[in-house]
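Written out below as C-alpha cells is the structure these notes cover.
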Amino acid sequence: MYYVIWAMAGMLLVFFLIRGIAEDHRLKKKFLKSLVDGYGKPSERKMGPEALDTISHYHLNGIEKGYDGQVIDDITWNDLDMDRIYLSMDFANSQTGEEYLYDMLRKPLKDAERLRERDRVISYFMENQEERLAFQTCFARMGRMKNVAVSDYLKNLDQVAEDSNILHFACIVLAVISIGMVFLHPAAGFGVFFLTLIFNVATYFRRKGQINPYIATFSYLIRAIHSGRELLKVSSKEMAEYREKLKADLNELKVLERNFFLLTTGRQMTGSLLELPLDYLRIFFHLDLIKFNNMLSAVRSHEAAIDEMFGCIGFLDAAISIGAYRASLPYWCLPEEGGKEEGYRAEQLYHPLLKDPVPSDVSTGRGILVTGSNASGKSTFLKAAALSVLFSQTIATAPAKKLRAPYFRIYSSMSIRDDILTGESYYMAEIRSLKRILDEAEKSREPLICFIDEVLRGTNTIERIAASSQILKSLSRPEIVLFAATHDIELTYMLEDYFDNCHFSEDVLENDIRFSYKLEPGRAGSRNAIKLLSMMGYEEGIIHSAQGTAERFAESGSWPKL
C-alpha cells in the first residue's frame, strides 16, 4: 500500500513537472508577443511612492561611494515632475534596469563619447528586434523584488551575523533517517517523519525570518548571474564589448554560481510550478540556508565584480527601455553639441507628456523672459526646455526636431511649496531655492542653464519686482542661459538689455478664452485674470470695479482708495 502511495506521489510530481513546463512555454510565448505588440506604445507602468523610493536607492548608494559629476537635485527633479517622466519611459524588464535608468536620468553627462556610445547601443536594439527580444527575455528572468533594493542589502552585509551550518546539516541527517524509517518501519517511520518535519520547518523559518531580505537579495543575485550566462549565448558583434565585460565578471563569480539551484532555480519570469517541489525540499532540508551561509563571505569578497555585473546588465536593459521610449514619441532628435557662446537653440520643441503638444522654436544666447496670461503655457514651456537639456545629456534623446546646446549644469526653481512640518513659509522656501542657483553660478564658469517660474511670487509687488530684477540681472552672464517666466511685465522693460523677450497669447471671446500655446517674440500685451473671474461667474459688480481699479492704476501709477 505504501508503495502505491509513493507511486501516486511520483506520478503527481511528474504531472506537475510536465504541466509546469507547458505553462512556462505558454507564458513565455505570451510575454514575447506582448513585447512585440507593445513596442512603441506609451508605457502603462504604474508605481507607488514606496516602490519609486526603493528604485532610487541604487542611485543614492552610488553617490555615497563617490561621484564627481553633477547630480540632478531633488528640487529640480520635482520641478520637472521627473517621477512621472521616469515612469513614462520605464519599459525595463528587470529591477536592475529600472534602477540604472533612474540613476542615468539623475546624472547628466558632459562626455560626448559616452553619450555617443549610449546612442549606439540604444539604436542597435531599436533596429534589431530578434536580439532585443532575446535580451529582454533574459532580463525578465531576473524579475523584480517588491520594495527591496538589492544595493541596500549588499551594502549592509556586514550587519549579518555569521551562522554555522552544523544545525542545518543535522536537519538533513534527521530528514534522511526519518525517510529511511518510513520504508523500514512504516508505522513508527511516519511518526518520526512528521516530528522531524515539524522540527526542520520550525528551525528553518526561525533563521529564515532573520535573513529573509538578504536571502531574497542573494536569490536575485543568482538570477542575475544566470541571466548573465544566458546573455552571453546571444550572438551579437555590436555588443561584444559588453559581453566581454560581463564574461569577466561572471568568471569571477563562479564561486557563487556553484549549486545555485539550492537557493533558486532562476525561473522567476513566469512563477513556474517547477518551483513548488524545490521550495518544499529547501524548507525540509534547509538547502537555501546552507547555500546562503556559504555565499555570505564570498559575496562580501566579490563586491566589485557584482557591482560591475549589475551595472552592465542594468545599462543594457535601460538602453532597450530608452529605445522603446524613443519609439513612443511623436518625434525626437539626437542633440548637437554647441559652443558656450551659442547658447540654446531648439526647433519644434515640445513637452513629452502632452498628447497633442504645440511645438516651439527657441534660440537664445543669453536667456529669455517669458510672459503671458494665466494658463497660457509658460510653465509647460520652461519644463519642456529643461527636459530637452536633461534628456540630451542623459539618454541622448531630445524631444524636438533639432536641438543644439553646450553641456550645461541644470537647475530650476519652479514648483515651490510651503513646508508645514518645518514651518518654513513659501517665501523662505523660494529664496533658499534661488540661492542655491546663485551659489552654483559662483562655483565655476562652466555653462549653466536655469529655469525659474515666477520669481519671488511669495512677497509683495514692490519688493518682488525690485529684488527679482536684481536676482535675474546677476544671472546675466556669458556662461549662463536663463529661462524665467513672470507676470511682471515691468521686468521685461527693466531687463531688456540683458534678456530676450517672448510670450504666449490668447484670444478673448465673449464667454471664453482660447489659448494658442504658441511661443511668440516680444513681451505679452494682454492679461486675463479679471476676465477669468467673469467666466467663473463672479458678480458683475466685482468684475466692473476690479477692471476700473486696474485701469486707474495703469494711468496714474498708484492705487486708488476704495
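Read the figures in this text as sums done on the coordinates, not as results from a lab. None of these values were measured; they are calculated from a predicted model. All Cβ positions, glycine included, derive from the backbone under ideal geometry; neighbour counts span all protein chains shown.
If the limit is 22 Å between Cα atoms, which of Lys473/Lys518; Lys46/Lys355; Lys110/Lys402 go over it?
Values: Lys473/Lys518 27 Å; Lys46/Lys355 18 Å; Lys110/Lys402 19 Å.
Lys473/Lys518, as the Cα separations exceed 22 Å there.
Between Ile166 and Phe199, how many nm apart are label points set 7 Å from Cα along the C-beta direction?
The answer from the label model is 1.6 nm.
Beta carbons within 10 angstrom, averaged per residue: use that to sort the peptides 75-83, 494-502, 39-47, highest first.
Details: 75-83: 19.3, 494-502: 17.7, 39-47: 13.1.
Highest mean packing first, the order is 75-83, 494-502, 39-47.
Across the stretch 178-251, how many lysine pairs separated by 8 or more positions, or lying on different chains, have Cα atoms within less than 17 Å?
Here the count comes out as 4.
Once the Cα atoms of helix 287-301 and of the chain are each reduced to a long axis, what angle between those two axes, in degrees from 0 to 90 to the nearest 10, is obtained?
Helix 287-301 and the main axis of the chain meet at about 50 degrees.
Cut-off under 18 Å on the C-alpha distance; same-chain residues fewer than 8 positions from Lys340 excluded. Which aspartates and glutamates are left, in chain and number order?
Reachable aspartates and glutamates: Asp111, Glu440, Glu442, Glu446, Glu479, Asp500.
If you take every residue apart from Arg258 with its C-beta less than 15 Å away from the C-beta of Arg258, what net charge results, scoring Lys and Arg +1 and Asp and Glu -1? Mind showing how you got there, number by number?
Values: positive: Arg229, Lys254, Lys291; negative: Glu252, Glu257, Asp288.
Once all neighbours under 15 Å are counted, the net charge is 0.
Could you check what % of the DSSP bridge pairs in the chain are antiparallel, to the nearest 5? Spell out each step's value before the answer.
On the way: 15 of 37 bridges.
Antiparallel bridges: around 40 percent, rounded to the nearest 5.
Using only the alpha-carbon atoms, how far is helix 186-232 inclined from the longest principal axis of the chain? Give it as 0 to 90 degrees, nearest 10.
The angle comes out near 40 degrees.
From the alpha carbon gyration tensor of the stretch 2-328, can you work out the equivalent ellipsoid semi-axes (sqrt of 5 times each eigenvalue) and give them in Å, largest to smallest? Kindly include the intermediate steps, with their values, before the conclusion.
Numbers: eigenvalues 336, 109, 61 Å².
With the √(5λ) rule applied to the stretch 2-328, the semi-axes are 41, 23, 17 Å.
Taking a quarter of the surface of the convex hull around the Cα atoms of the chain, what do you get in nm²?
On the way: hull surface 134.7 nm².
Computing the convex hull of the Cα atoms and averaging its projections yields 33.7 nm².
Gain in length, Leu281 to Arg366, computed as 0.36 nm per residue apart minus the alpha-carbon separation, to one decimal in nm? Let's see the in-between values first.
On the way: separation 85, 0.36 × 85 = 30.60 nm, distance 6.90 nm.
Separation in residues times 0.36 nm, less the Cα-Cα distance, equals 23.7 nm.
Over the chain, what is the mean sequence separation of C-alpha contacts under 8 Å (at least six apart), divided by residue count, expressed as relative contact order in percent?
On the way: 814 pairs, mean separation 91.1, N = 562.
That works out to 16 percent.
Can you check what the net charge comes to around Val36, using other residues whose Cβ is under 12 Å from the Cβ of Val36 (Lys, Arg +1; Asp, Glu -1)?
Details: positive: Lys29, Lys30, Lys33, Lys41, Arg132; negative: Asp37, Glu130.
Neighbourhood net charge equals +3.
From the backbone phi of the stretch 107-123, what are the Karplus-calculated ³J(HN,Hα) couplings (6.51 cos²θ - 1.76 cosθ + 1.60, θ = phi - 60°) in whole Hz, Gly and Pro given as x?
Once θ is set to phi - 60°, the couplings for the stretch 107-123 become 10, x, 9, 10, 10, 4, 5, 5, 5, 5, 5, 4, 4, 4, 5, 4, 5 Hz.
Report the relative contact order of the stretch 336-527, percent, no decimals, based on alpha-carbon pairs under 8 angstrom and at least 6 residues apart.
Values: 369 pairs, mean separation 57.1, N = 192.
Relative contact order for the stretch 336-527 comes out at 30 percent.
Mind ranking 162-171, 286-295 by how tightly packed they are, going by the mean number of other C-beta atoms within 10 angstrom, highest first?
So the order, starting with the most tightly packed, is 286-295, 162-171.
State the percent of C-alpha pairs, over all pairs in the stretch 364-508, separated by a distance greater than 23 angstrom. Can you show the working numbers first?
Details: 3720 of 10440 pairs.
Every Cα pair in the stretch 364-508 considered, those over 23 Å come to 36 percent.
Give the separation of the Cα centroids, the stretch 69-98 to the stretch 186-208, in Å.
For the stretch 69-98 versus the stretch 186-208, the Cα centre distance is 48 Å.
Among all the aspartates and glutamates, which ones have a C-alpha under 15 Å from Lys531's C-alpha, if same-chain residues fewer than 8 places away are not counted?
Partners within reach: Glu506, Asp507, Glu510, Asp512, Glu539, Glu540, Glu551.
Please give every one of the aspartates and glutamates within straight-line cross-link reach of Lys383, meaning a C-alpha to C-alpha distance under 14 Å, and leave out same-chain neighbours fewer than 8 residues apart.
Cross-link targets: Asp79, Asp81, Asp83, Asp453, Glu454.
Taking the DSSP beta bridges in the stretch 346-479 as the whole, what percent of them are antiparallel, to the nearest 5? Spell out each step's value before the answer.
Working: 5 of 10 bridges.
Here the share of antiparallel DSSP bridges comes out near 50 percent.
Note the angle between two axes, namely the Cα long axis of helix 49-65 and the longest principal axis of the Cα atoms of the chain, as a number of degrees from 0 to 90, rounded to the nearest 10.
Tilt of helix 49-65: around 90 degrees.
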